[in-house]
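Structure first, then comments.
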Amino acid sequence: MLKVRFAPSPTGYLHIGGARTCLFNWLYVRKLGGKFVLRIEDTDVERSKTEYLEEILESIKWLGMDWDQIHYQSQRFDIYREYAQKLIDEGKAYKKDGAVFFKYTFSEIKINDLVRGEIMFNELPKEEEVIIKSDNSPTYNFSCVIDDALMEINCVIRGEDHISNTPKQILMYEGLGFKVPEFAHLPLILSPSGGRMSKRFGATSIREYKQDGYLSQAIVNYLLLLGWAPGDNREIISLDEAKNIFDIKKVNKAGAAFCMDKLNWVNSEYIKNKNIKDLTQDVINYLQSKEFLPQDIDSNYVQKVVELFQGRMVKLSDLLDWGRFCFYDDYAYSEETKDILDKNLSKEVSVLMEKFSSMDSFDKDAIEKEFRNAAQGLGLKTRDLVHPVRVALTGRKVGPGLFETIEVLGRQEVVKRLKRLCEYWEN
C-alpha cells in the first residue's frame, strides 16, 4: 500500500510551496487508495508555535484536504535517541562534545526519481554528521529517516531543494537497516523572472491569500498548474477531478513560474461560475471576517449585491471597495467626479425622483424604461442623466450596470441619494 507524508514545520505559516507539496502528496495517494500522513516537524522547540500549527492544519483543511494520521516529532525524542544509541553500539556513530555523530559509509548512490528520472550521487556528503545535538534534540536528516521508516512511508514527495539531503538519508537508511523509499522531487516555484519567490511575487501564506479574498478552490486549481497539467489544454479543474487523473510521474521537471495575473484569472473564473447561493455564503463569511457587513443585513440583499458584481469580481475583497456603496452611503463627491457634477441638473434629477417614487414595479427593465423616457421628456440624452446619477448612487464614475444597480439599492435608498445630490447642487 502506498503511504506518503507531508511534514511541515510550525515555525511559520503554510506558504504556497508547502501547500503545493502537500497537494501533490495528497492527490497521488488518494488516487491510488493509500494513506496520507501528516507529520509535524516541531523539534525546534523555541521557534515552533501553536499559532503556526493551528494555521497550518486549518489551511490544509480549507484547501479541501484531509489526513489519515498525524504525528508530532516533539513527542518522539526518545525514539530518536534509542536509534542513535543503536548506531553507537554498532560502531556506526559516536559521541563527541555532547553530540552524536553518524559515520558515513559511502558508495556510489543512484536513485530513480519519479519526477526527475535517474539521479547519480558520486561524492561523499561528508565524513560525519551530527544526528543528535548537544541539547539532545535530533537533527533534521536523522529524525526524518527514522520517522519515514517507522511510519512506513514508501514514497517521499518533496521539493527539489531536498535533493542534497537524499544521499545522506539513504546512507542513514542503510546504516539503520531500513528499506529505502522511492523519491519524487518537485520543481521549485519561481518568481516571474525565474528567481526565488518573494512577497512581491506570491511568496505569501495560504492564510494571507484567504484574507485577501481568494477562493480555496481557485488556490488549489492554480497550485495544480504549477508543475502539472490536466491535459487537453484545460486550465480549470476541480480537486475531485484532479484526484482521479493526477500522476506524480507527469509532473514537469522544470521550475514553475508563479504568475499573479494567472492566479487572479483562475480565481475570477471560479467566482463567475460558482453557484450564486454558495458564492453569497462565501461573501457573507468573508465580509463578516472583515467586520464589514452592517448588523442584521438581509442575506437576500447580499445575494443581489453578489449577482451585481459576480461577473466583475477578481477576489472577494473587491467588494470592500467596489461594493461598499451597496452597504454604506458614507462617501463624499470627490475631485475625480467633480467634472460630472459641474452642470447643475437638480430640476431634472428631481423629476426623475418623482417618476421613481410613483413606479408600480421597481425592476431593472421598468427602471430603464422610465429613466430613458424621463431623459427624453427633459430634452436630455440618456447619458446626460446616467453619469450624475451614477455618481450620486455610488460615488464613482464607473461601476456595474446603472439600472441593475438602481434595482439592487431599492427605491427608498435611490431616492434618498438622489435627493442628496440635488441638495449638493442647490447649496
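The values are calculated or read from the model by the stated rules, or taken from the named source; none is laboratory data. Since we're looking at a predicted model, the values are computed, not measured. A quick note on method: Cβ atoms are made from the backbone with ideal geometry, for glycine too, and the neighbour counts reach across all protein chains shown.
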* Go through (1) more than 44 Å from the chain's Cα centre (by Cα); (2) under 30 Å from K262 (Cβ atoms); (3) aliphatic (A, V, I, L, M) one by one and return the number of the condition L345 breaks. => (2)
* Is one or more of the residues making up segment 293-312 under 25 Å from E407 (Cβ atoms), under 17 Å from the mean Cα position of the chain (by Cα) and either of a type outside the set (D, E, K, R) or crowded, with 16+ Cβ neighbours inside 10 Å (or both)? -> no
* Asked: Among the residues of segment 324-347, which ones are without any contact (Cβ under 8 Å) to a residue 60 or more places away in the chain and touching a Pro at 6+ places or on another chain (Cβ under 9 Å)?
  -> F327, Y328, I340, K343
* Restricting the search to segment 34-56, which residues are more than 24 Å from the chain's Cα centre (by Cα) and at pLDDT 95 or above? -> G34, K35
* Asked: Within segment 224-263, how many residues turn out to be in contact (Cβ under 8 Å) with a residue 24 or more places away in the chain, farther than 24 Å from G194 by Cα, in a loop (DSSP other than H, G, I, E, B) and out of contact with any helix residue (DSSP H, G or I) (no Cβ under 6 Å at 6 or more places or on another chain)?
  -> 1
* Give, as residue ranges, the helices (runs of 4 or more DSSP H) completely inside segment 361-427 that count at least 1 residues that are in contact (Cβ under 8 Å) with a residue 60 or more places away in the chain and within 18 Å of D330 (Cβ to Cβ). => 382-394, 402-409, 411-426
* Asked: Which is in contact (Cβ under 8 Å) with a residue 60 or more places away in the chain, among the charged types (D, E, K, R) and surrounded by fewer than 17 Cβ atoms within 10 Å (Cβ to Cβ), of E118, E152, E127?
  -> E152
* Determine whether segment 71-83 contains at least one residue that is at pLDDT 95 or above and in contact with a Cys (Cβ under 8 Å, 6 or more places away or on another chain). => no
* Tell me which residues, restricted to segment 142-201, are acidic (D, E), closer than 16 Å to C22 by Cα and either in a loop (DSSP other than H, G, I, E, B) or under 24 Å from the mean Cα position of the chain (by Cα) (or both). => E160, D161
* Structure fact -> Pairs returned, first residue in segment 264-286 that is within 15 Å of Y301 (Cβ to Cβ), second residue that is of a type in the set (V, I, T), beta-carbon separation under 6 angstrom, 6 or more apart or interchain, are L279/V306; T280/V302; T280/V306; V283/V306; I284/V302
